[in-house]
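Reviewing the structure listed below.
The values are calculated or read from the model by the stated rules, or taken from the named source; none is laboratory data. Please read these numbers as outputs of a predicted model, since none were measured by experiment. Using ideal geometry, Cβ is built from the backbone for each residue, glycine included, and neighbour counts are taken over all protein chains shown.
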Amino acid sequence: MISGFKIIDFHIHVGKKGDWKPWVEEYQSRINPELKERFEEIMSPDGLAKYLQENGVDFAVVLPEYSPITTGIVTTEFVVDFCKSHEMFIPFASINPHLITDPRETFKEFIDMGIKGVKIYPSYIHMYPNDPRLYPLYSTAMEYSLPVMFHTGSSVFRGAKLKYADPIHLDDVAVDFPELPILLVHGGRGIWYETASFLARLHSNVYLEISGVPPARLLDYYPDIERISSKVIFGSDWPGVPGIGKNIRVILDLPLKKETKRKILWDNAYTLLRRAGAFD
């Protein structure tokens, strides 16, 4: 334990070689050489559990991805199976309405399998998050108190279209589903930091998930972070962003209240995941 309290990483990717597009695997290898050298070891349930614990992480949200035109496909079934052997792993689903006929029914099937939330990749699947085809999924997530993550802001991957990642489109979702926990993943990274921060201030059900945001710049991008400390959630975006333990230490060294750091690294995520049944 490097913080004096437990830590949740709300953003971990897993997969097999070949699941991701070649440009994704090339990026991961370049940005994270350790993964390339130790892929089979680290990208296994036992290996990843050990790796995360060594980096100070007690629990981790593990994400699938259905984005065949941009990054690849890691199935929800694979993630659920990956998470079975370690209580520290919390499986989420991924839904792409372009690939299924009934998002609500598919999502219910995933809920029966044990998932505790879902991630939507608007810029990767070329669909606005306020598209009516996604509304039945949001209704179901709200019914089960499951958080919904949305990729917002920039992406380095081929085929991603930035216009779909503008967090302003999630204002509609927040208004139409006021009890739905909404996470703005990457916190509007790039050009929408202020939009994302404003939405978190405006809506009681909107949170900033800060994976992929340089932790040393948090106060630059979110100068009111103390004010919205109950709405900020730590995620690493590993393996695309290596150095989980290092980034946690950077957050711990920021000139923030200890209470704020604990909220970012544990309390806020724990509250959402407990409501979703992850800690029953």
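For beta carbons closer than 6 Å, sequence separation of 6+ or different chains, a first residue in region 76-101 that is free of Cβ contacts under 8 Å to residues at least 40 places away in the same chain and a second that is of a type in the set (Val, Ile, Thr) and in a loop (DSSP other than H, G, I, E, B), the qualifying pairs are 91/115; 93/115. Between 270, 207, the distinction of being in a strand (DSSP E or B), of a type in the set (Ser, Thr, Tyr) and touching a residue at least 60 places away in the same chain (Cβ under 8 Å) belongs to 207 only.
Note on region 96-127: residues that are assigned to a helix (DSSP H, G or I) and either among the acidic types (Asp, Glu) or under 15 Å from residue 69 (Cα atoms) (or both) amount to 7. State whether the residues of region 246-267 include one that is among the β-branched types (Val, Ile, Thr), in contact with a Gly (Cβ under 6 Å, 6 or more places away or on another chain), buried (at least 19 other Cβ atoms within 10 Å of the Cβ) and touching a residue at least 40 places away in the same chain (Cβ under 8 Å). Yes. Per the listing 79, 57, the residue uniquely within 20 Å of residue 234 (Cα to Cα), modelled with pLDDT of 95 or more, surrounded by 18 or more Cβ atoms within 10 Å (Cβ to Cβ) and not basic (Lys, Arg) is 57. In this entry, residue 226 is excluded by the filter for residues that are outside any loop (DSSP other than H, G, I, E, B), surrounded by fewer than 20 Cβ atoms within 10 Å (Cβ to Cβ) and touching a residue at least 24 places away in the same chain (Cβ under 8 Å).
The set of residues from region 128-162 being more than 18 Å from the chain's Cα centre (by Cα), part of a loop (DSSP other than H, G, I, E, B) and of a type outside the set (Ser, Thr, Tyr) comprises 130, 131, 158, 159, 161. Among the conditions (1) assigned to a helix (DSSP H, G or I); (2) in contact with a strand residue (DSSP E or B) (Cβ under 6 Å, 6 or more places away or on another chain); (3) farther than 25 Å from residue 252 by Cα, residue 36 misses just one, which is (2).
Close Cβ contacts (under 9 Å, 6 or more residues apart or on different chains) running from residues in region 182-194 that are assigned to a helix (DSSP H, G or I) to residues that are charged (D, E, K, R) comprise 186/209; 186/237; 187/209; 188/166; 188/194; 193/220.
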